[in-house]
Every structure is written in structure tokens, then in C-alpha cells.
Amino acid sequence: MSKPKNQMRYLNVDRYLLNKHPIISENVKELEDKVKAILDQKISGVSFSPYLEGQDPSVKSLISHQQIADRLEIIRPYTKWIRTFSTTNGNEEVPRIAHEKSLKTLVGAWLDSDFENNEVEINNIIAIAKAGHADMIAIGNEVLLREDFEVEQLIEYIRRVKQAVPHVPVGYVDAYYMFVNYPEIVDECDVLFANCYPFWEHCALEISVEYMKKMYELVSKNAKGKQVVISETGWPTKGETYGAAQPSYANAMRYFIHTFEWANKENIQLFYFSSFDEVWKINHEGEYGAYWGLWDKDGKFKFGK
């Protein structure tokens with residue numbers, strides 16, 4: 001099966017026509033209080049990173065039971081679900097420990113061009129689900145966006161897992177527009193996991209959540225009636241201006257507040273990115289990648305006390 005021609009890359013919307021969010025507040029303390037109030041009510045979900053400073057999943061750093069438990073305990077009071085990204089190098093223990101802490105789990109298998117490791121990931125996620133520790137499953141994260149392998153191989157992985165654990169909803173994570181480019185993936189999934197990042201599309205903060213709504217609507221229109229979950233969205237606290245998108249402490253809070261005001265009102269399941277700042281990403285994404293957390297690298301809450 002050949003790749004579709006004229007693939008969609010980003011939304012085709014007139015940004016000048018999007019509704020602008022009014023500035024919530026210029027008072028930083030008021031923003032901090034709003035963020036904390038939303039977290040105290042528990043957000044729907046958050047992407048979970050167990051990695052500590054000096055660790056890097058790209059070099060297969062091993063993570064311990066203790067650091068997993070410690071990091072989960074920090075976020076446990078503030079979220080209903082966590083999302084994981086891998087089932088190797090210690091990550092396979094996260095879903096069990098999360099369930100022990102009464103957290104629901106979207107368990108991810110990391111797939112890339114290393115097919116030997118892919119087999120380990122797939123076998124482990126099946127074992128995790130059979131043990132009862134996966135509430136939802138994501139097979140792959142932006143595999144098609146990175147062009148790690150062809151869509152047929154991805155479909156084969158999805159089908160294997162669905163056949164092995166038919167009692168658990170199985171889906172795939174990618175940038176929102178990839179579900180338009182690959183309708184055959186929509187056919188295979190029980191649920192669609194869409195990454196929606198206005199920031200990476202150079203969106204000004206004041207229209208960012210309106211823009212994210214359009215991302216979500218596009219996936220929903222092409223979902224063939226299946227559930228759409230926003231598997232990642234967020235805003236960094238540090239970094240250089242990216243087009244019209246400005247990272248900052250206050251803007252990260254404003255984006256978080258607008259996002260959950262909308263998601264909670266519309267009852268949309270959403271996993272915020274991310275739980276903790278990830279120092280290891282500086283080597284891969286520069287300063288942008290390291291400062292998306294609600295907590296800093298040491299587990300200290302970033303937005304007030």
C-alpha cells in the first residue's frame with residue numbers, strides 16, 4: 001500500500017478568524033491559584049516520565065521500582081490517569097505500581113525501526129494487559145510521523161495485540177492529522193490517540209486552545225464514530241519564541257487553565273504533557289524539550305507552593 005499523495009500536514013484554518021481568549025490575569029499568583037485549583041479537582045490524565053537527571057531512554061537507562069513509586073506518589077493526588085510510553089528497561093513495572101496507587105493506565109508500547117526491540121515491547125504490553133494492569137493500550141507513538149516503518153507493519157502490530165487482549169481498548173498515537181492521512185489506521189483502532197500541539201504549529205497563546213479544538217474536531221470528523229482522546233498537549237515554561245508561540249511561566253499556566261476549562265466542560269479525555277521536566281530531552285530537542293512539566297526535574301511543583 002503506497003503512502004497517500006498530498007498528505008495533510010497541519011490544519012487549514014484562518015487563524016485571524018479564531019476566537020481569542022482574553023488574558024486570564026496579569027497577576028501570577030492568581031494564575032498559580034487557578035492551576036492548583038484545577039489540579040486539586042484531579043485532571044483527566046498526564047503523561048508520566050519516571051526518568052531522573054542523568055538518565056536517558058535513548059541509551060536504555062534502567063529505571064528502578066523505587067523511582068517509579070516515588071514519582072507516581074508525587075502526581076497521584078492530582079490525576080485520574082497516567083500515560084506511559086514504553087514497556088522495557090523498567091517501564092514495564094509502571095502500570096502495576098500505578099494500579100496499586102489507584103491510578104488508571106494508558107499503557108504505551110514504544111515502536112521504532114529496531115524490530116528486535118519492538119518484539120519485546122509488544123510481548124510485554126500483552127503480558128501487562130493480561131495481568132490486568134492496562135486500562136487502555138497505545139501501540140506506537142508517532143511511528144508514521146517519523147517514518148520508522150510502513151503502515152502495514154503498524155497494522156500488524158495493532159492486530160496482534162487486539163487479538164491477544166480483546167478486553168482492552170487498543171489504539172495508536174500520532175499527530176492529529178495523521179488519522180486523516182491514514183484512514184486504514186482508524187479502521188484498526190478501538191480508540192484514536194491524537195497529539196495536539198498548537199505550540200509546535202507556531203500558535204499565539206490567545207488562539208491556542210481554539211486552534212486545539214479545531215485539531216480535535218478534525219480527528220473526530222474522521223474517526224468513524226470512535227472515541228478520540230487527546231494523548232498529548234502542553235506548553236513549555238522556557239525556551240525561545242517559536243513563531244508566534246511564546247514559552248513562559250505565565251503562558252504555560254494560561255494554556256493549562258484554558259485547556260482544562262474546555263476539556264472538563266466538554267468531557268474530553270486528555271493527557272497533559274507532561275508530569276515532570278525532562279532534562280534528557282535537551283540533547284534531542286534543545287531547551288524546548290526540557291521544560292514541559294508541571295513539576296520540575298526534581299519533583300518540585302513548578303507553579304507556586
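Inclusion of Ser58 among residues that are more than 22 Å from Lys213 (Cα to Cα), among the hydroxyl-bearing types (Ser, Thr, Tyr) and outside any loop (DSSP other than H, G, I, E, B) is warranted. For region 115-158, filtering for residues that are assigned to a helix (DSSP H, G or I), under 20 Å from the mean Cα position of the chain (by Cα) and among the charged types (D, E, K, R) leaves 2. Out of the residues in region 267-301 that are part of a loop (DSSP other than H, G, I, E, B) and touching a strand residue (DSSP E or B) at 6+ places or on another chain (Cβ under 6 Å), state the one that is farthest from Ile75 (Cα to Cα). In this case the residue turns out to be Gln269. For region 187-197, check the following and say yes or no: at least one residue is assigned to a helix (DSSP H, G or I), in contact with a strand residue (DSSP E or B) (Cβ under 8 Å, 6 or more places away or on another chain), on the phi < 0 side of the Ramachandran plot and not β-branched (Val, Ile, Thr). Yes; the residues of region 187-197 include at least one that is assigned to a helix (DSSP H, G or I), in contact with a strand residue (DSSP E or B) (Cβ under 8 Å, 6 or more places away or on another chain), on the phi < 0 side of the Ramachandran plot and not β-branched (Val, Ile, Thr). Tallying residues that are assigned to a helix (DSSP H, G or I) and crowded, with 19+ Cβ neighbours inside 10 Å within region 164-185 yields 4. Checked against the criterion of being touching a Gly at 6+ places or on another chain (Cβ under 7 Å), buried (at least 16 other Cβ atoms within 10 Å of the Cβ) and under 23 Å from Gly225 (Cα atoms), the candidates Leu154, Leu111 yield just one match: Leu154. The residue of region 36-50 that is nearest to the chain's Cα centre (by Cα), among those that are surrounded by fewer than 21 Cβ atoms within 10 Å (Cβ to Cβ) and at negative phi, is Ser44.
Selection of region 36-52 for residues being under 15 Å from Ser275 (Cβ atoms) and either assigned to a loop (DSSP other than H, G, I, E, B) or touching a Gly at 6+ places or on another chain (Cβ under 7 Å) (or both) yields Lys42, Phe48, Ser49, Pro50, Tyr51, Leu52. Mind checking which residues of region 198-208 are assigned to a helix (DSSP H, G or I) and buried (at least 24 other Cβ atoms within 10 Å of the Cβ)? The answer is Phe199, Ser208. Restricting attention to region 214-241 and to residues that are more than 16 Å from the chain's Cα centre (by Cα) and in a helix (DSSP H, G or I), the residue that is surrounded by the most Cβ atoms within 10 Å (Cβ to Cβ) turns out to be Leu218.
Please specify each residue of region 6-30 satisfying the condition of being within 23 Å of the chain's Cα centre (by Cα) and buried (at least 17 other Cβ atoms within 10 Å of the Cβ). The one that is within 23 Å of the chain's Cα centre (by Cα) and buried (at least 17 other Cβ atoms within 10 Å of the Cβ): Leu11.
For (1) among the polar types (S, T, N, Q); (2) in a loop (DSSP other than H, G, I, E, B); (3) closer than 21 Å to Thr237 by Cβ, each residue gets a yes or a no:
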{"site": "Ser25", "(1), (2), (3)": "yes, yes, yes"}
{"site": "Glu30", "(1), (2), (3)": "no, no, yes"}
{"site": "Gln66", "(1), (2), (3)": "yes, no, no"}
{"site": "Ala69", "(1), (2), (3)": "no, no, no"}
{"site": "His99", "(1), (2), (3)": "no, no, no"}
{"site": "Ser113", "(1), (2), (3)": "yes, yes, no"}
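Applying the set (1) surrounded by 15 or more Cβ atoms within 10 Å (Cβ to Cβ); (2) farther than 28 Å from Asn264 by Cα to Glu53 leaves exactly one unmet item: (1). Every listed requirement among (1) under 26 Å from Ala204 (Cα atoms); (2) at pLDDT below 95 is met by Leu31 save one, (2).
The values are calculated or read from the model by the stated rules, or taken from the named source; none is laboratory data. The structure presented is a predicted model; accordingly, all values stated were derived computationally and were not measured. Here Cβ is always computed from backbone atoms with ideal geometry, including for glycine, and neighbour counts include all displayed protein chains.
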